[in-house]
Amino acid sequence: MEGVIEIRGLHKAFGSHEVLRGVDFTANEGEATCIIGSSGSGKSTLLRCINLLETPDAGQILYHGEDILSGHVNMAQYHARVGMVFQQFNLFGNMDVLGNCVAGQMKVLHRSREESEENARKYLRKVGMEAYVSAKPRQLSGGQKQRVAIARALAMDPEVILFDEPTSALDPEMVGEVLLVMQDLAREGMTMLVVTHEMGFARAVASKVVFMDQGVICEQGSPAQVLEHPETERLRAFLQSRF
Amino acid sequence: MPTASTSFFGWVAFLLQKYGTLFLRGTGMTLLIALTGTVLGFLIGLLVAIVRTIAMPRSRDPRRQSRAERVSLAVRRTLLRAVQILMNVYIQVFRGTPMIVQAVVIYYGAQYAGIYMDTTFAAIFIISINTGAYMAEIIRGGIVSVDKGQFEAAHAIGMTHWQTMTTVVLPQAIRNILPSVGNEFIVNIKDSSVLNVISVSELFFQAKSAAGAYYRYFEVYFIIACIYLVLTLSVSRILAWVERKMDGPDNYVIHGSQSDSRAEIVVSVENEKEATKSWKA
Ligand SMILES: Nc1ncnc2c1ncn2[C@@H]1O[C@H](COP(=O)(O)OP(=O)(O)OP(=O)(O)O)[C@@H](O)[C@H]1O
Ligand SMILES: [Mg+2]
């Protein structure tokens, strides 16, 4: 199995606050990796470093074996290959649903409008939002927005998608529709890195579960291993607080 | 020719008849310089605001940098810093002095340097850079008002700073600041009157010459007060209408294949229940 993204010794501090203190792990091709951990443990920071929304202080982020911090990787191309879905959806408020899914394809991938729209519609159909192509984000519910955000990421035809707590800002009755879409993606073999508090989702969908605590990876392994047979006291305490 | 006993309204009617075209031409000039100045000022403000939001170039990884990279980084940082300082000075100076003073300093200053500006050109030039200084701050406020998540989402799909600005942030920033921009236009309609100090043939300047001819100051200034009021009220009505048009409705009605989309919704709701059940279990 090939590692699409490999993290080695990643460090990141905000001022004197060390948020990541040497993180190592590999996201394998075609696998869904779920990252769990208590609030403030550095999960978002890790994803944001992988996507270069934050600049790491030290360590390596290898994409197919190439260090993206070395300056030899084309950043626009890298961003197109690595999609991100945010907790707060972050849809472009000035564009309708279709526009949200078309903008990146045209601007970054230089696809024609026809090709971009066709591709966008394909993924909007996939997430069940095809009927809303000309709706504005403010006309949608949270769950609908997040499904559009997923379609927007998919429309770039990425190799990996990073999800940062995609259902945490949703009303409980909308969590299901989003998790369902993500489950489909995982089953189809999309490489996914998912920060989540939905333990049920992690158990059902993840190939690997990673437990972060205080800026380091404390335990990782199969869902059964990590969720049912925690080895460390910290993970046991975390899991207990969840159920 | 009215006599000394002619009533106020008699004089107004007479002056309107005699100087109507003059007032109209003055009104036209006022609108021309106010509108052009607002548009050009907006463009200046846009440029300044965009440059002021560019983040300082950062090194990706200081440990693996070549000497050439370090030098080029230092040069880019210094240049950007210098430009940003210049822009701050520009904003402070033009917001911190009255436009009437800016007008005489620029107009006579240019003559001092041997440049004799056409008064209309001078008027538009002065209003534009004065407005630009205010617009820069207004537009920056508009950019800040667009939530940071959208910048990040745009960067996350690989857009450059420029692409993010032009396709995502500015359209929303501009919508948000439209009331302030309209307000600048209205301010310019009124404040262009100070340009009479450099003999720009705008409304107030025309009124001054008309008033002097028969020594009817109150009547003439009363007339142009009414004209200014009509102009500003009409402009604010028009702008309010444009804003309403831009916003559109709050709800979305699904069009197209009704039966299909219904089916889709029903399916997704059922799936959702099932899914939630299985994850909860
Ligand atoms: N830009 C920033 N500047 C300063 N501190 C930050 C910044 N971003 C994050 N932090 C801090 O870093 C720590 C880890 O944040 P992070 O968002 O990665 O945690 P998390 O694991 O995602 O938590 P949560 O479950 O609450 O989302 C927190 O203490 C946070 O306050
Ligand atoms: Mg987080």
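The figures follow:
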quantity: Estimated Rh, chain A: Kirkwood, alpha-carbon pairs, angstrom; calculated: 18.4
quantity: Area accessible to solvent at residue A:66, 1.4 Å probe radius, in Å²; calculated: 100
quantity: Hydrodynamic radius by Kirkwood, which averages 1/r over all alpha carbon pairs of the stretch A:138-197, in angstrom; calculated: 11.8
quantity: P(r) weight above 20 Å for the stretch A:17-73, C-alpha pairs, percent; calculated: 27
quantity: Distance from the stretch A:1-44 to the stretch B:70-130 (C-alpha centre basis), Å; calculated: 49
quantity: On Cα atoms only, tilt of A:113-126 relative to the major axis of chain A in degrees; calculated: 60
quantity: Theoretical FRET efficiency, 1/(1+(r/R0)^6), r = Cβ-Cβ of residue B:230 and residue B:21, R0 25 Å, to 0.05; calculated: 0.90
quantity: Largest-first principal axis extents of the Cα set of the stretch A:99-243 (Å); calculated: 54, 30, 26
quantity: Cα Rg, Dmax (largest Cα-Cα span) when computed across the stretch B:34-187, Å; calculated: 18.9, 58
quantity: For the stretch A:78-136, alpha-carbon Rg and Dmax in angstrom; calculated: 11.3, 31
quantity: Between the stretch A:155-179 and the stretch B:176-226, the alpha-carbon center distance in angstrom; calculated: 58
quantity: Approximate shape of the stretch B:113-172 as ellipsoid semi-axes (Cα gyration tensor, √5λ), whole Å, largest first; calculated: 37, 13, 8
quantity: Rounded FRET efficiency, nearest 0.05, which uses the C-beta distance separating residue B:246 from residue A:16 and R0 of 51 Å; calculated: 0.65
quantity: Ellipsoid equivalent to the stretch A:1-133 - semi-axes via the Cα gyration tensor, in Å; calculated: 31, 17, 15
quantity: Karplus-derived HN-Hα couplings along the stretch A:99-105 (A = 6.51, B = -1.76, C = 1.60, θ = phi - 60°), whole Hz, x at Gly and Pro; calculated: x, 4, 8, 9, 3, x, 4
quantity: Surface per residue (accessible, 1.4 Å probe) for the protein assembly as shown, Å²; calculated: 47
quantity: At R0 = 41 Å, FRET efficiency that the Cβ-Cβ distance of residue A:141 and residue A:233 yields, to 0.05; calculated: 0.50
quantity: Subset of A:126/B:245; A:208/B:148; A:122/B:148; A:43/B:148; A:145/A:208 violating a 23 Å alpha-carbon distance limit; calculated: A:126/B:245; A:208/B:148; A:122/B:148; A:145/A:208
quantity: By average C-beta atoms within 10 angstrom, highest first, the peptides B:203-210, B:22-29, A:108-115; calculated: B:203-210, B:22-29, A:108-115
quantity: Contour minus Cα-Cα distance for residue B:14 and residue B:72 (0.36 nm per residue); calculated: 13.8 nm
quantity: Convex hull projection area averaged over all views, the protein assembly as shown, Cα basis, nm²; calculated: 33.3
quantity: Residue-span extension gain [residue B:214 to residue B:90] - 0.36 nm each, minus C-alpha spacing; calculated: 40.3 nm
quantity: Relative contact order (%) - criterion: Cα under 8 Å, at least six apart; region: the stretch A:130-201; calculated: 38
quantity: Ranked order, A:150, B:186 - accessible area, probe 1.4 Å, largest first; calculated: B:186, A:150
quantity: Helix axis angle, A:142-155 relative to chain A longest principal axis, alpha carbon, degrees; calculated: 80
quantity: C-alpha long axis of helix A:172-187 to longest principal axis of chain A, angle in °; calculated: 90
quantity: Label-point gap, in nm, between residue B:144 and residue A:157 - each point 7 angstrom along Cα→Cβ; calculated: 4.2
quantity: Cα principal axis extents for the stretch B:97-214, largest first, Å; calculated: 67, 34, 21
quantity: Anchor residue B:208: aspartates and glutamates whose Cα lies under 19 Å away (excluding residues fewer than 8 positions away in-chain); calculated: B:191, B:219
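The values are calculated or read from the model by the stated rules, or taken from the named source; none is laboratory data. In this text the structure is predicted, and so the values were computed from the model without any measurement. All Cβ positions, even for glycine, are placed from backbone atoms using ideal geometry, and neighbour counts span all protein chains on display. Each accessible area value is taken on the protein alone, full model and side chains, heavy atoms only, with ligands, DNA and RNA left out. Shrake-Rupley method; radii C 1.70, N 1.55, O 1.52, S 1.80 Å.
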